[in-house]
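The structure appears below as structure tokens.
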Amino acid sequence: MPRSATDRPAPTGPPWPRASPQPIDSDEQLRDLVARLRDRKPTAIGLWIGPDPTRGRHDADDWRGATSGHAAIAVAPQGDTPPPVWSLDPKAGLDPMPLLSWLAEADAPYVVTHGAQITLHRIIDWAGRADAPLPARLGCTQTAAVLLAEGARHRATSLSECVERALGRPWPLSAPELPLAEPDRALVAATAASVLAPLLAALTPMLRRRELVRVFELECHLVPSVVAMERAGVGVDAAAFQRIVDGWVREQPTATEPDRQTRLAKLVSTYGYWPREYISGDRIFCRLHPLAADSGRFSCTEPNLQQVPGPHVAPGMRACFVPPPGQVLVVADYAQIELRVAAHLAPCDAMRAVFREGRDPHRATAATLTGKPEAEVSDRERQLAKAVNFGFLFGMGAPRFQSYAQSSYGVELDMTEARRAREAFLRTFPGIARWHSRVGKLGRGVSSQAVTVRTVLGRRKRFEPGKMSFNAALNIPVQGTAAEGFKLAMTRLQPRLAALGGRGILSVHDEYLAELPADRAEEGCRVVAQTMKEAMAQVVTTVPIEVEAHVAQSWADK
């Protein structure tokens, strides 16, 4: 598969054949089909559920508009024989439970989709119940394509593009991801279903060659947890939220300081429409994107709940995020996870020793800066060292560090002090200095050579020749490895919290939010912390992992 959209060859084979679907028009026919497929025991099936163009106001890939259109299933082909394909129209009133229950069994076929996240949402819509059974074994060709793109700026990951790139065959119909104007949507759905298993069969060797199988499997296992989190939403006191917004609006005409006017205008434009657009009852609902960032970190949109401001920017806002009556929040965060991951990856024996001995890495840096023993470092000196550690970890230079220390930590330094701080950091942690040197050398030399960096599980970021970013080449493996440990924790937390009557409701970079019944709060808090530690420890094996977790009545509580 070509590495980027710009080097994609023209398809060389004939168009992928249009499917000739067998329509399933009644519940009896569907039950009979499931019985026959059980007997046949296919290893894999392609499942396509298209969007319903007549319903919903959201984009076709927005789960809040994930109303299901025509569906189709196809058995993986044997040799050159065209695969049998069946089309199902959810609007015909078919009961999908016999099919869904079978696919949820442990020994069911491998279910191949394209866009697994939106597909699972459409399954839930089709079934008409939030607890609809979901496929036990799930593979997503779009996920494979994103990983194989290795962070390319232009990712060609639609189904039609993937068929052209991986199978070398043009797509014969309108783009299947879009709501279609043509009347025969059943044909489009069936053709899409028919290509899924062959497409994954073509992508799998590519994943193996680039050692991406582990991270592909993780991303596919993660999808049900993401879907559940999106549908759960986050508890919110809508009236309190609106009062805060109204207060900003009232303050704007009376604010006399330009900076104050600018800040209020920004708050109103960024958060003022949230109650109208995204709050329903006592919940606020967002979209989560586990593959949007090159590093594999989650992003969040519509609204971006990962950027809810703290009390110094928007007093009272975080206190609006509350659990429903009878429940509590559990808020858990990995402690200094980027430093721990960097110590593992670099490797840096000095930083590893700090964590193994239970010392504070910020006091260790402050001790070098000040010449004091760690126990005698003041709070202000530790605050400076905190800025130093997080600022210089990913290769920040002294000039940029000046503004970073001021804006993020309230620490003012002249250029001499900034350079001295950088030198102290690299003296304290020489393994980090050697890591910086190795990565820096990758971007020098032959300009025609591409550079690829990787996470622990194998996620790749490829920089085109002459275009390596030193900071990103340091940052992506660290943040990506941390994201992989976090995602592994999410997959384990979903069933463990459900057993306690709880659920995960939001992921915010290294922070996890869950709701639990009040009488299971302490037990749930322990489960969350222990699960997060265990999962990250499978990825970061040379440094102890710590998780800070607490029970709260609002997101603002510490």
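The values are calculated or read from the model by the stated rules, or taken from the named source; none is laboratory data. Note that this is a predicted model, so its numbers are computed, not measured. Heads up, the Cβs are rebuilt from the backbone with ideal geometry, glycines too, and the neighbour counts pull from every protein chain shown. To get the accessible areas, we keep the full protein, side chains included, count just its heavy atoms, and leave off ligands, DNA and RNA. Shrake-Rupley method; radii C 1.70, N 1.55, O 1.52, S 1.80 Å.
Here are a few things to note about the model shown:
- Evaluated against (1) of a type outside the set (A, V, I, L, M, F, W, C); (2) modelled with pLDDT of 95 or more; (3) open to solvent by 10 Å² or more (accessible area, probe 1.4 Å); (4) touching a Phe, Trp or Tyr at 6+ places or on another chain (Cβ under 8 Å), Ser507 falls short on exactly one condition, (3).
- For His362, the conditions (1) under 30 Å from Val388 (Cα atoms); (2) touching a helix residue (DSSP H, G or I) at 6+ places or on another chain (Cβ under 7 Å); (3) open to solvent by 50 Å² or more (accessible area, probe 1.4 Å) all hold with the exception of (3).
- Residue that is surrounded by the fewest Cβ atoms within 10 Å (Cβ to Cβ) [pool: residues in the range 127-177 that are outside any helix (DSSP H, G or I) and polar (S, T, N, Q)]: Ser174
For (1) in contact with a Gly (Cβ under 9 Å, 6 or more places away or on another chain); (2) closer than 22 Å to Trp555 by Cα; (3) free of Cβ contacts under 8 Å to residues at least 60 places away in the same chain; (4) open to solvent by less than 40 Å² (accessible area, probe 1.4 Å), each residue gets a yes or a no:
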| position | (1), (2), (3), (4) |
| --- | --- |
| Gly272 | no, yes, yes, yes |
| Asp282 | yes, yes, yes, no |
| Thr301 | no, yes, yes, no |
| Asn304 | no, yes, yes, no |
| Pro324 | yes, yes, no, yes |
| Pro347 | yes, no, no, no |
| Leu369 | no, no, yes, no |
| Glu374 | no, no, yes, no |
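- Here the condition is being within 20 Å of the chain's Cα centre (by Cα), in a helix (DSSP H, G or I) and under 30 Å from Val236 (Cβ atoms); of Gln479, Gln530, Gln538, it holds for Gln479 alone.
- Just so you know, in the range 451-476 the residues that are open to solvent by less than 10 Å² (accessible area, probe 1.4 Å) and assigned to a helix (DSSP H, G or I) include one that is farthest from Cys348 (Cα to Cα), and it is Ala473.
- Filtered residue count, the range 405-448, keeping only those that are within 30 Å of the chain's Cα centre (by Cα), open to solvent by 50 Å² or more (accessible area, probe 1.4 Å) and over 18 Å from Leu474 (Cα atoms): 2
- Residue within the range 89-109 that is in a strand (DSSP E or B) and either aromatic (Phe, Trp, Tyr) or under 18 Å from Leu187 (Cα atoms) (or both) present: no
- Output for the range 475-527, where each listed residue is of a type in the set (S, T, N, Q) and closer than 16 Å to Gln306 by Cα: Gln479, Ser507
- The range 108-149, residues that are free of Cβ contacts under 8 Å to residues at least 24 places away in the same chain and touching a Phe, Trp or Tyr at 6+ places or on another chain (Cβ under 9 Å): none
- Just one residue in the set Val213, Val234 is at pLDDT 95 or above and more than 25 Å from Arg287 (Cβ to Cβ); that residue is Val213.
- The range 276-324: number of residues that are aromatic (Phe, Trp, Tyr), under 14 Å from Glu230 (Cβ atoms) and touching a Ser or Thr at 6+ places or on another chain (Cβ under 9 Å): 1
- The numbered conditions (1) open to solvent by less than 70 Å² (accessible area, probe 1.4 Å); (2) at pLDDT 90 or above are all true for Gln29 except (1).
- Within the range 239-275, being under 18 Å from Gly310 (Cα atoms) and polar (S, T, N, Q) holds for Gln242, Thr262, Ser269, Thr270.
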